Ligand SMILES: [Cu+2]
């Protein structure tokens with residue numbers, strides 16, 4: 001009995017530690033999904049900006065990111081960079097899968113959020129909110145840190 005209580009306390013303590021470690025940058029939701037390290041690569045002259053985020057799925061089933069929206073931009077799309085040998089191009093995709101008990105890195109060279117038609121002046125140092133919509137009905141309202149083209 002005493003031994004069981006001890007191991008329970010140890011497990012609980014570990015879980016608390018894990019949450020605390022992610023707390024500063026993670027957008028925690030009640031569901032199984034979370035978003036971490038969300039940022040926007042800002043470009044001058046109101047050029048389309050790229051949005052990047054790491055999505056984590058703690059559930060037993062894969063979940064698709066199916067839509068993105070933001071009050072800060074007139075148009076938000078999910079794009080994927082594909083390479084044909086020496087050239088690269090962007091294509092619009094309708095979903096990106098976050099594997100069960102896994103992560104999906106929306107990162108330079110792979111998927112990105114294409115953020116166009118900024119509705120107000122946005123500059124490095126700002127934070128913009130982007131809503132991520134998933135196939136299981138969950139949404140994550142995620143703050144994205146706006147950074148310079150160099151990612152700073
Ligand atoms: Cu794009």
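Derivation of every value follows stated rules applied to the coordinates shown; laboratory data play no part. A quick note: this is a predicted structure, and the numbers were derived from the prediction, not measured.
For region 27-147, the square roots a ≥ b ≥ c of the C-alpha gyration tensor eigenvalues yield an a/c of 1.5 or more together with a/b not exceeding b/c, which makes the shape oblate.
With contacts taken as Cα pairs under 8 Å and at least 6 residues apart, region 27-147 reaches a relative contact order of 33 percent. Applying 0.36 nm per residue to the separation of residue 66 and residue 91 and subtracting their alpha-carbon distance, the gain on full extension is 7.5 nm.
At full extension, residue 56 and residue 133 could sit 26.4 nm farther apart than now, given 0.36 nm per residue minus the alpha carbon distance.
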